[in-house]
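Enquirer: I am attaching a structure below and will ask some questions about it afterwards.
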Amino acid sequence: MNLPAKVKLVDVGPRDGLQNEKQMVPAEVKVGLVHRLQEAGLKEIEVTSFVSPKWVPQMGDNAQVMAGLERRPGVRYSVLTPNMKGLEAALAAPKEQWPHEIVVFGAASEAFSQKNINCSIAESIERFAPVVQAARAAGIYVRGAMSCTVGCPYEGDIAPERVGYLAGLMKGIGVQHIGVADTIGVGTPGKVQRAVEAALQHYDLNDVSGHFHDTYGQALANTLVCLQMGIWQFDTSVAGLGGCPYAKGATGNVATEDVVYLLHGMGIETGIDLDKLIDAGQFISDHLGRKPNSRAATALLNKRAG
């Protein structure tokens, strides 16, 4: 097997993980989580999103969170900016508070695109084009998230051709990196492999990452099949934070702790201290009043207690 020697993890917990939480999480807690993640060795952290607080109230403190960060050299801080208004808001701060990377998101499913952002896939790309252009002109890296690449709550299975179509559109507007996301966690290794292969028709191996949800307990298996394909970048969420509002009972993002445990067990370097990562997960879980949604964290915390 041609496994990568090193893997880069993007912790999306502070943004993707917290955005659907019903209880409001104070800005200082979000900042505290980011600081603990970078202390654990994370070099890529998705911090917040610049979206309308009417739609995502949890992210209404985006400017406050960005201003509160104690930035570390070598750490890349990213934010979600779905439109020009979002990008302009992110760049309204002093330059030292700007994100290093912005994320735009499209769906491989027409039905999901319509339900989620009220426009077709083609229209969403038209909307993103000026955002991508302006971000790159400002020297900011642009990542694209492709949702529903293997399954959709409205359409069911998604053909790999749809993933290739979206990847091609994103490439066409200048998106530099794309993530293949199993948004509702229905993917299995064969389906994920075909979706990733479709993305690789348009993007280099170094510019594709995986983003898996663990609804059916398949996220680690899907990560493994990607590793076997040479994919070395993945989105994960500390303490398994997050869920998909479109999939009833979805457990959400795969826990960073579980993926780190897997990778370290395979001799793959991450640069992450698992003990400190577990502490970061415990910190946010304590604030939310529940246990971390990570099997590795649960097992190692029990071991510590014992």
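Readers should treat all values here as calculations from the given coordinates under stated rules, not as data from a laboratory. Please read all numbers here as calculations on a predicted model, not as lab measurements. Here Cβ is always computed from backbone atoms with ideal geometry, including for glycine, and neighbour counts include all displayed protein chains.
Enquirer: Taking 7 Å along the Cα-to-C-beta vector as the label spot, tell me the residue 75-residue 21 distance in nanometres, rounded to one decimal.
Expert: Once both label points are built, they end up 1.7 nm from each other.
Enquirer: Is the chain best put as rounded, prolate or oblate by its Cα gyration tensor, with a ≥ b ≥ c the root eigenvalues, rounded for a/c under 1.5, and otherwise prolate when a/b is larger than b/c, oblate when not? List each step's numbers first, then the result.
Expert: Values: a/c = 1.42, a/b = 1.10, b/c = 1.29.
In terms of gyration-tensor shape, rounded.
Enquirer: Counting only residues 5 or more places away or on other chains, whose amide H sits under 5 Å from the amide H of residue 12 once H atoms are built in the peptide plane?
Expert: Close amide H contacts, sequence-distant or interchain: 46, 236, 237, 238.
Enquirer: Normalising by the residue count of the chain, find the relative contact order in percent from Cα pairs under 8 Å and 6+ residues apart.
Expert: Working: 629 pairs, mean separation 61.6, N = 306.
Value for the chain: 20 percent.
Enquirer: With just the Cα atoms defining each centre, how far is segment 171-246 from segment 43-78? Give it in Å.
Expert: 22
Enquirer: If we count other beta carbons within 10 Å of each Cβ, what is the order of 227, 277, fewest first? If you can, show how the numbers build up before the last one.
Expert: Values: 227 21, 277 31.
Lowest count first: 227, 277.
Enquirer: While we're looking at this one, here's another question. For every helix of n ≥ 4 consecutive DSSP H residues, a contribution of -39,500 (n - 2.57) applies; sum these over the chain, divide by its total residues, and give [θ] at 222 nm rounded to the nearest 500 deg cm²/dmol. Mind dumping the intermediate values first?
Expert: Values: 11 runs with 123 residues, N = 306.
When only DSSP H runs of four or more count, the value is -12000 deg cm²/dmol.
Enquirer: How far, in nm, would the chain grow between residue 3 and residue 188 when pulled straight, counting 0.36 nm per residue and subtracting the alpha carbon separation? Write out the running numbers ahead of the final one.
Expert: On the way: separation 185, 0.36 × 185 = 66.60 nm, distance 1.93 nm.
Taking 0.36 nm per residue and subtracting the Cα distance, the gain is 64.7 nm.
Enquirer: Here's a follow-up. Taking 0.36 nm per intervening residue step and subtracting the Cα-Cα distance, what contour gain separates residue 92 from residue 111 on full extension?
Expert: On the way: separation 19, 0.36 × 19 = 6.84 nm, distance 3.37 nm.
Roughly 3.5 nm would be gained on extension.
Enquirer: Right, next: By the scheme Lys and Arg +1, Asp and Glu -1, what is the net charge of all other residues having a beta-carbon under 12 Å from that of residue 99? Show your work: numbers first, answer last.
Expert: Numbers: positive: 15, 71, 76, 95, 143; negative: 44, 46, 96, 101.
Surrounding charge for residue 99 is +1.
Enquirer: If you filter segment 61-164 for trypsin sites (Lys or Arg not before Pro), then keep DSSP loop positions with at most 15 other Cβ within 10 Å, what is left?
Expert: Details: sites: 71, 76, 85, 95, 115, 127, 136, 143, 162; in loops: 71.
Hits after loop and neighbour filter: 71.
Enquirer: Round to the nearest 0.05 the FRET efficiency obtained for residue 290 and residue 64 when R0 = 22 Å and r is the Cβ-Cβ distance. Write down the numbers at each step before the final one.
Expert: Numbers: r = 25 Å, r/R0 = 1.12.
Approximately 0.35, to the nearest 0.05.
Enquirer: Kindly provide the trypsin sites (Lys or Arg not before Pro) of segment 11-40 that DSSP labels as loop, not H, G, I, E or B, and whose Cβ sees at most 14 other Cβ atoms within 10 Å. Don't skip to the answer; put the middle values down first.
Expert: Details: sites: 15, 22, 30, 36; in loops: 22.
Those that pass, being in a loop and sparsely packed, are 22.
Enquirer: Related question: Give me, ordered by chain and number, the residues 5 or more places off residue 80 or on other chains with an amide H under 5 Å from its own placed amide H.
Expert: Long-range HN contacts for residue 80: 48, 49, 50, 103.
Enquirer: So between residue 85 and residue 129, what do we pick up on full extension, going 0.36 nm a residue minus the alpha carbon distance? Working shown, then result.
Expert: Numbers: separation 44, 0.36 × 44 = 15.84 nm, distance 1.32 nm.
Gain in length upon complete extension: 14.5 nm.
Enquirer: Let me ask something additional. Just add up the charged neighbours of residue 198: K/R +1, D/E -1, any other residue whose Cβ is under 13 Å from the Cβ of residue 198. Don't jump to the answer; show the numbers that get you there.
Expert: Numbers: positive: 162, 171, 191, 194; negative: 161, 197.
Local net charge: +2.
Enquirer: For an R0 of 30 angstrom, estimate the FRET efficiency from the Cβ-Cβ distance between residue 304 and residue 29 and round to the nearest 0.05.
Expert: Numbers: r = 23 Å, r/R0 = 0.77.
That pair, residue 304 with residue 29, gives E of 0.85.
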